[in-house]
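The values are calculated or read from the model by the stated rules, or taken from the named source; none is laboratory data. The structure displayed is predicted, hence computed values, not measured ones. So basically every Cβ, Gly included, is an ideal-geometry build from the backbone, and we count neighbours across all protein chains shown.
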Amino acid sequence: MRTPRQEWLAGLCLAAVLVGTPAVVLAYQMNRVSADVIVQVDQEHGFAPNAIYVHPGEPVRLQIHAKDVVHGFQSPKLGVRVDEIYPGKPALVEFTAPRTPGEYVFACARMCGTHHGEMLGKIVVLP
Amino acid sequence: MSAPEKCAACAGGLRTPASPAERAVRGLNGIPDDAKFLGLMPVHWRYDLTARFPWLRKVLRSRWSAFLLQMLGMLLFVPALLAGWIGSPVGNTNLIIVLVWIFWWSLLMLVLVPFASRIWCAMCPLPSLGEWLQRRSFIVRRLTAPLGLGKKWPAPLRNMWPVNIIFLFLALFSGILTTRPWATALMLTAIVVAALATSVIFEKRTFCRYLCPVGGFLGLYSNFAMMEIRHNDYATCRSHGTKECVTDTADAYACPWLEAPTTMSRNTYCGMCFECFRTCSMDNMSLRLRPPGVDLLVDKHRGLDESWKAFIMLGAAAIYSSTMMGPWGILKAWANARTLSGYLTYIAILLTIVLAVVPAVFGGFVWLGRKLSGTETPFRKLFTNLSYSLVPMGLLAWIAFSFAILLPNGSYIIRIISDPFGWGWNLFGTAAFPWTPFGLRWLPYLQVGALLFGLAYSLDVGFKVARQTVGDAKSAALAMAPVALLLTGVAAAFTWLFVG
Amino acid sequence: MSKRWLALLTCGLITVGGLGLLLFSGRASAGGSPKIVEIDMEARQWEYGPGIVTVNQGDLVKIHIMAMDASHGFYLDGYGINEHLEPGKPDTIQFVADKAGRWMYRCSTTCGTFHPYMIGWLRVRPNYYAGAGWVLAAGGGLGFTGHLLMLGVKKP
């Protein structure tokens, strides 16, 4: 017996959902820059967000926007440092999250004002 | 007494039984033609959606509609199951927990069951694979013999007892299931496998009818629903010899849920697949709105299996509210299975309350009513019939409970659509949406309102059923009085649990 | 027919009387001068101790709270108060209990499996919601029961 065309269409629909969804999900996950976070920084509020959660070993990209004056970004434990981030010219910081779960502190890398010493944040590598 | 509505084009109006035969088929003995719920809504009022909207009839008759509804369910189910198996292990960051226990559960209790009966069953993707395999097709009617053994479900088990047991078994793990993605994923996978296996051995939708864990309360509480699928004109069905709705034809299947649409009088086992619309050559099926609670008055197919379902659901509502929304840490520790002894204590308490304490207390009050009225009606019959008065109270208690799940936790849905697997995605820019409880200022109003509505409806249904069962109004009133007292106590107790 | 009206009247009297009593008792208890209520509270997986706190409307409530094991939170339904709690760091949550009723306080920081069920009850008396619920349930339910009993003993 010949299979009617609508059966093929329905089967295609089903295959798209059953196989396609997981395939798209996994492809997206594998090709993604995992933690793509926009960080805003100004003197009054410091880093926002000041806690960034990432998974062990995943590629992380931070896009840091200085809102008021020239700031910087440094995290010795992660081996990342940007000396100057000018307002209106976001800096891209890319690194791979450590394999060891825990908290990795980051701070402003440039004497930006009286609150410079309080401008802290942390990268949290989840278990 | 108003004359029955004859005009097929008139969508709304009274549908009083036109003949004694029709009254018997509808199981409405003892219900006066002018009976009203709460003194307001005529029991026989119907609004025929398929007469009012011809396009709706067309859509429902299409063989595609069933498939597309199931695909909608599948579209939610596949990513959810994937998230459950490989996504984040933290419950509120995982699609499966948020989708199943916050979105689906609230949708079911607050919208689908009270307003649209078992419409969920039309889009439930869990039994689809089995059904397609049996039919060897997705959409078209194949004339080949169905795949599988096609056995009939054993007669002694053609009731709600299997479902009561399966539901209770899962209820023992409710604390685990609602908080661990892997547990929900395991449960759904097991259901898919079980449904597939059942459809290989048994005929049609045997799984949905007799084995689905949620099928029991969906069935019982759908008796309260404001929507129904019924034959349009009984005389047409009666004179029509072919009855395609109960035997497969060349164009469509007989009722997959093993119902007989010509005589179906309750929503309990109607999965709303609309196959009867497709098969009926007389185009005599209709989808109608109605006042809630009509099927609770139907004096057919009542049984202790459904009574116990009502007890289980009422008891479970109280226990879940105490465990999940109560201030008692010990209950939470037990339900979370922190220690084996604590967990066993929880199981023992849960099973004792729902299987023994609730029925015993209810039985005591029915016994008192029977003595008070001096009626000849057997105790068992009075007990069974009056237990249906617990349905409105139980459903509305679950509605009050579901408000208290949805309002505090609904905002997780906004976050989860951007990051369904808890992997740090941000598909729609809402991944950082904070947990934002919504409308909790109004929660007490919603909960108290729901409970009072449930009480009023239960009292009303109870008295109608009592008159139907006992016969004369005087004895019925006395038989119902203690049960009315009990229902008042139940409403007061739930009020204490939710807002007291 | 007169019996029916009698039943309705009883039902109405219970309801109106109950509601009046509720309002009166509410006024009476609210009449007392507001106090400062200080409460020591521990938050741990997955309960608050104490789990039930009772105050009067208008009281100034100071909850001295500390998370004992993990990061927790304190969100108060109806009031919208939200506080994050770090383990071992004492914190004080202070508010005027101006909204009567029973409200749940719940954890707002994901703290483990039973996080969504980490809940306590704050009772701000007079509890009009529960009171109205009970009065209406009693008025309707007891009134209906009385109506049934009278129907039952009615002479033919």
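In table form, for the structure just shown:
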{"item": "Cross-chain or 6+ apart pairs with Cβ under 8 Å, segment B:64-79 first and more than 7 Å from every other protein chain (Cβ to nearest Cβ) and more than 21 Å from B:PHE103 (Cα to Cα), then assigned to a helix (DSSP H, G or I) and among the acidic types (Asp, Glu)", "result": "B:ALA66/B:GLU275"}
{"item": "Residue tally, condition in contact with a helix residue (DSSP H, G or I) (Cβ under 9 Å, 6 or more places away or on another chain), within 9 Å of another protein chain (Cβ to nearest Cβ) and not in a loop (DSSP other than H, G, I, E, B), over segment C:48-64", "result": "2"}
{"item": "Residue, nearest to C:GLU83 (Cα to Cα), within segment C:26-50, restricted to residues that are modelled with pLDDT under 70 and among the small types (Gly, Ala, Ser)", "result": "C:ALA30"}
{"item": "Segment B:446-495, subset more than 7 Å from chain C (Cβ to nearest Cβ) and free of Cβ contacts under 8 Å to residues at least 12 places away in the same chain, residue nearest to B:PHE401 (Cα to Cα)", "result": "B:GLY449"}
{"item": "Count of residues meeting criterion [part of a loop (DSSP other than H, G, I, E, B) and hydroxyl-bearing (Ser, Thr, Tyr)] in segment B:352-394", "result": "4"}
{"item": "Residue list for segment B:264-295, filter: touching a residue at least 60 places away in the same chain (Cβ under 8 Å), part of a loop (DSSP other than H, G, I, E, B) and more than 20 Å from the chain's Cα centre (by Cα)", "result": "B:ASP283"}
{"item": "Filtered residues of segment A:66-100 (kept if hydroxyl-bearing (Ser, Thr, Tyr) and either at pLDDT 85 or above or within 20 Å of A:TYR53 (Cα to Cα) (or both))", "result": "A:SER75, A:THR96, A:THR100"}
{"item": "Residues being without any contact (Cβ under 8 Å) to a residue 60 or more places away in the chain, surrounded by 20 or more Cβ atoms within 10 Å (Cβ to Cβ) and hydrophobic (A, V, I, L, M, F, W, C) - total across segment C:120-156", "result": "3"}
{"item": "Residue match in segment B:38-47 (condition: in a helix (DSSP H, G or I) and either within 14 Å of chain A (Cβ to nearest Cβ) or of a type in the set (Lys, Arg) (or both))", "result": "no"}
{"item": "Single unsatisfied condition, A:GLY113 versus (1) at positive phi; (2) not in a loop (DSSP other than H, G, I, E, B)", "result": "(2)"}
{"item": "Count - residues of segment C:106-146 that are of a type outside the set (A, V, I, L, M, F, W, C) and more than 8 Å from chain B (Cβ to nearest Cβ)", "result": "10"}
{"item": "Selection within segment B:416-436 - more than 9 Å from chain A (Cβ to nearest Cβ), closer than 17 Å to B:LEU81 by Cβ and touching a Gly at 6+ places or on another chain (Cβ under 8 Å)", "result": "B:GLY422"}
{"item": "Unmet requirement for A:GLY20, which otherwise passes all of (1) at pLDDT 85 or above; (2) assigned to a strand (DSSP E or B)", "result": "(2)"}
{"item": "Check on A:GLU84, more than 9 Å from every other protein chain (Cβ to nearest Cβ), surrounded by fewer than 17 Cβ atoms within 10 Å (Cβ to Cβ), in contact with a Pro (Cβ under 8 Å, 6 or more places away or on another chain) and under 24 Å from A:MET111 (Cα atoms)", "result": "no"}
{"item": "Pick from segment C:65-99, criterion facing chain B (nearest Cβ under 10 Å), small (Gly, Ala, Ser) and out of contact with any Lys or Arg (no Cβ under 7 Å at 6 or more places or on another chain), ranking: surrounded by the most Cβ atoms within 10 Å (Cβ to Cβ)", "result": "C:GLY73"}
{"item": "Selection count where residues are within 11 Å of chain B (Cβ to nearest Cβ), at pLDDT 80 or above and surrounded by 14 or more Cβ atoms within 10 Å (Cβ to Cβ), scope segment A:23-44", "result": "1"}
{"item": "Residues that are surrounded by fewer than 18 Cβ atoms within 10 Å (Cβ to Cβ) and either part of a helix (DSSP H, G or I) or touching a His at 6+ places or on another chain (Cβ under 7 Å) (or both), drawn from segment B:454-473", "result": "B:ALA473"}
{"item": "Single condition A:PHE47 does not satisfy, out of (1) over 30 Å from B:LEU76 (Cβ atoms); (2) out of contact with any Gly (no Cβ under 7 Å at 6 or more places or on another chain); (3) surrounded by 13 or more Cβ atoms within 10 Å (Cβ to Cβ); (4) not charged (D, E, K, R)", "result": "(2)"}
{"item": "Residue count, segment B:80-96 (criterion: crowded, with 21+ Cβ neighbours inside 10 Å and within 7 Å of another protein chain (Cβ to nearest Cβ))", "result": "1"}
{"item": "Residue among B:PHE421, B:PHE401 that alone is in a loop (DSSP other than H, G, I, E, B) and not polar (S, T, N, Q)", "result": "B:PHE421"}
{"item": "First in segment B:129-151 and closer than 12 Å to B:PHE202 by Cβ and away from chain A (no Cβ under 14 Å), second anywhere and surrounded by 15 or more Cβ atoms within 10 Å (Cβ to Cβ) and small (Gly, Ala, Ser), Cβ under 6 Å, 6 or more apart", "result": "B:GLN134/B:GLY148; B:GLN134/B:SER199"}
{"item": "Selection from segment B:186-236 of residues that are among the aromatic types (Phe, Trp, Tyr), more than 27 Å from B:LEU81 (Cβ to Cβ) and buried (at least 24 other Cβ atoms within 10 Å of the Cβ)", "result": "B:PHE224"}
